[in-house]
Structure formats: structure tokens, C-alpha cells
Ligand SMILES: *Cc1c(COP(=O)(O)O)cnc(C)c1O
């Protein structure tokens with residue numbers, strides 16, 4: 001069993017993917033070929049934002065989003081502490097200070113209540129200027145944008161949506177990557193929509209911001225590529241990756257997203273009552289970038305993981321450490337406050353295999369082992 005079965009997916013989509021790659025090889029327009037523009041149009045249309053700007057990876061997408069709003073030294077950017085490192089890393093990269101915030105114990109997403117406390121503390125301390133919130137759609141579930149938006153409006157903060165894992169999720173039919181003032185995603189192979197290497201994208205409704213990011217991603221170019229009007233970077237999506245993503249996006253829309261949800265539903269049905277299953281509020285749909293369960297304590301989690309491993313079922317722990325526990329952030333200026341939810345969840349979470357091609361038999365094999373292990377404890 002694979003944690004994410006990219007080989008099976010490739011077998012099923014092979015003829016179309018190979019044809020897409022071959023087309024680029026025949027034309028040799030490896031940089032900014034026509035597939036890139038076509039993909040950007042389709043992605044913008046899918047998420048419901050006016051502009052999509054693809055780039056080198058999801059980390060660069062975050063940096064481009066932060067730079068496009070001139071986030072810099074002296075700025076406080078509020079970030080959930082339970083996320084992939086890049087969410088905070090790029091805040092630090094542009095000179096600003098990430099302020100870590102605890103998560104909601106049910107959704108694992110940014111807690112709006114803790115967010116407001118954090119903002120108030122920073123204002124009271126008076127050293128940093130609150131500027132933005134990075135809301136992460138963790139494991140495929142959109143963050144609580146209704147509440148986060150209210151807080152953002154009250155304190156006049158920008159919302160950056162880190163939709164690296166959220167692509168395909170929705171709230172009341174509105175798609176992830178359209179909730180932030182600006183949103184980003186990643187096409188790293190293991191994400192819900194992944195390419196065959198690194199890739200990412202930024203989404204915005206503002207034409208000015210879109211133009212600015214298009215300039216930043218090619219060395220701060222003007223309309224002419226060799227007129228440089230600002231300091232930018234080199235962060236483009238390869239044409240080959242765009243060609244692959246066009247095929248994968250079609251499959252994602254047609255059946256993969258639905259199939260991921262079917263897998264999650266079977267897991268839920270088999271595990272409910274035995275262990276804590278993912279919480280998906282009404283009105284929300286998740287793209288199930290991950291399927292995670294919570295065990296009662298660390299020893300129980302480790303035993304379940306070990307037993308699954310012995311039986312050939314790969315699992316992961318996302319995340320073993322919260323960001324405030326990372327060595328690089330040990331001297332973070334963020335005023336210390338407790339992170340009880342994140343700290344408990346890092347000790348008890350376990351991520352099970354999930355992908356659109358996981359069979360019911362495979363799921364049941366996994367859930368039976370979990371149940372029998374729990375019964376023996
Ligand atoms: C994967 C991920 C990123 C970074 O994307 P890359 O394409 O790997 O650079 C950023 N934020 C979150 C939440 C992620 O899961």
C-alpha cells in the first residue's frame with residue numbers, strides 16, 4: 001500500500017499526460033509556453049478568482065503574496081503554529097515577524113479567538129505593526145473565514161490564504177483559494193493537485209497585484225523582459241508541469257476530488273466510535289489532502305503507527321512539531337502564550353494513507369488493524 005499512490009494515478013492518466021509532455025518537447029517552449037497561460041485561466045476559473053499567477057512552488061507563492069503587499073521588517077504576521085514550516089518561513093524571509101497562534105482543537109485550523117488575543121497582545125506591546133494573517137487550509141479543510149474575516153476587518157489586516165493543501169475544498173460552494181484577499185497554492189506532487197516536480201500559484205482579484213506579481217516572478221521586469229524596474233526573483237512554472245497539471249486538473253474535477261471524499265467517508269464510517277475522526281463543519285467540504293485521526297495519547301498513537309507499519313501500511317505524522325517548537329523560532333519575538341491544542345495534537349495525531357485510487361479493501365485492512373490494536377490496549 002502507498003501513502004499516496006502516484007504510480008497508480010500515472011497509469012490511469014498516462015496517455016494524456018505523455019501526450020501533453022510530448023507536445024512541449026516537440027515545440028521546446030519550456031519557459032512560459034502556452035500551457036502555462038491556459039492553466040492559469042482554468043485555475044482562476046475553478047477557484048473563482050479573477051487572476052492566477054503560477055510560479056515555481058508553493059513557498060515562492062507565499063513570498064510573492066507577501067511581497068506584493070509590501071510586508072516587511074516591523075510587521076507582525078499572524079500564523080497558525082500547526083502548519084508546514086513554509087507558512088512562517090516566508091514571513092521571516094521578507095523580514096516580518098511571524099506571531100504564532102494556537103489552532104482550534106476540532107478543525108486543526110487557526111483559532112479566531114486566539115487570533116484576536118494575539119493581535120491585542122501585539123498592539124499592547126507596541127513593538128510591531130499588525131499587518132496580515134496567514135490562514136492555512138490544513139489537510140484540505142478551509143479555515144474559518146467567517147470569523148477570521150471579522151477579526152481582520154476589525155483590526156484592518158490583510159488575509160493571505162495558504163491553500164497549499166486546501167485546493168478543491170469549499171465553504172457553501174465557494175472554493176478554497178478564493179477566501180483570502182490573496183491566496184496561494186502548491187503543486188508539490190503530494191498535494192491534492194500535484195505536478196511532477198515543484199510548482200505553485202497565487203490567486204487575486206486585483207489586476208494591479210496580479211501585474212505586480214507577474215513582474216516579481218521574472219526579475220522585476222517591466223513590459224519588456226529586459227527592463228528591470230524592481231528587485232524580483234525567478235519563479236516560473238515550467239511548461240511541462242503546466243501540461244501535466246492540465247490533465248490532472250481535468251481528472252481532479254471529474255472524479256479525483258469526489259473519490260478522495262469517498263475514501264474519507266469510508267474511513268469515517270469504519271472508525272467512528274473507535275477513535276477521533278476528522279471534523280468537517282456543515283457547509284464545508286474538504287479536499288482531504290490528509291486524513292488524520294487523533295489517538296488518546298502519544299504511546300497509543302505510536303503503537304497504532306508501529307502496528308500499521310508492520311502490516312505494510314504506511315502512515316505519517318503531520319506535524320511532529322509545531323512551529324513555535326522549531327529551533328529556528330526559539331527566540332521568536334512573539335510574546336509567549338500557550339499552545340495547548342497544537343501541543344496535544346502533535347503528540348496524538350496520525351495521518352493515514354489517502355489518495356483517489358485507494359480501494360475499499362485497502363481502507364478496511366487499515367481500519368481493522370487500528371481497531372484491533374485499540375481493543376488490545
Ligand atoms: C506544501 C506546503 C507549502 C509549500 O509548498 P511547496 O510547493 O512545497 O513550496 C506551504 N504551505 C503549506 C501549508 C504546505 O502544505
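Full extension from residue 325 to residue 22: what is 0.36 nm times the residue separation minus their Cα-Cα distance, to one decimal in nm?
Net length gain for the segment: 104.5 nm.
In square nanometres and to one decimal, what's the mean projected area of the convex hull around the Cα atoms of segment 1-86?
9.1
Evaluate E = 1/(1 + (r/R0)^6) for residue 73 and residue 45, where r is the Cβ-Cβ distance and R0 equals 41 Å; express this FRET efficiency to the nearest 0.05.
E(calc), rounded to 0.05, equals 0.65.
Could you state the orientation-averaged shadow area of the convex hull built on the Cα atoms of segment 44-121, in nm² to one decimal?
Average of the hull's projected areas for segment 44-121 equals 6.3 nm².
In whole angstrom, note down how far apart the Cα centers of segment 297-337 and segment 139-156 are.
Cα centroid to Cα centroid, the span is 26 Å.
Using alpha carbon coordinates only, what is the Rg to Rh ratio of segment 82-182, with Rh defined as the Kirkwood radius?
That ratio is 0.94, to two decimals.
Which value, in Å³ per residue, describes the convex hull spanned by the Cα atoms of the chain?
132
Separation between the residue 368 and residue 154 pseudo-spin-labels, each 7 Å from Cα along Cα→Cβ, expressed in nm?
With each label placed 7 Å out from Cα toward Cβ, I get 5.2 nm.
When a footprinting reagent is the concern and you count Cβ atoms within 10 Å, what order do 355, 324 take, fewest first?
Lowest to highest Cβ neighbour count: 355, 324.
Between segment 341-367 and segment 209-288, what is the separation of their alpha carbon centroids in Å?
21
Compute the length gained on full extension between residue 258 and residue 307: take 0.36 nm times their separation in residues and subtract their Cα-Cα distance, giving the result in nm to one decimal.
So the extension gain works out to 14.7 nm.
Once you put a point 7 Å from the Cα of residue 224 and another 7 Å from the Cα of residue 347, both along the Cβ direction, what distance in nm separates them?
So the label points at residue 224 and residue 347 sit 6.3 nm apart.
Let me have the relative contact order for the chain, percent, based on Cα pairs under 8 Å that are six or more residues apart.
22
On each of the three principal axes of the Cα atoms of segment 176-289, give max minus min coordinate, whole Å, ordered largest first.
For segment 176-289, the Cα spread along each principal axis is 62, 29, 22 Å.
With label points built 7 Å along Cα→Cβ from the Cα atoms of residue 2 and residue 337, find their separation and express it in nm.
For residue 2 paired with residue 337, the spin-label model returns 4.3 nm.
So how many Å³ per residue does the convex hull of the Cα atoms of segment 228-277 work out to?
Each residue corresponds to 144 Å³ of Cα convex hull volume.
Taking a quarter of the surface of the Cα convex hull of segment 228-322, what do you get in nm²?
In nm², the orientation-averaged hull projection of segment 228-322 is 11.2.
Here, each number is a calculation from the coordinates, and none is a lab measurement. These numbers were taken from a predicted model, which means no experiment stands behind them. Cβ sites come from the backbone with ideal geometry, for glycine too, and all protein chains shown count toward neighbours.
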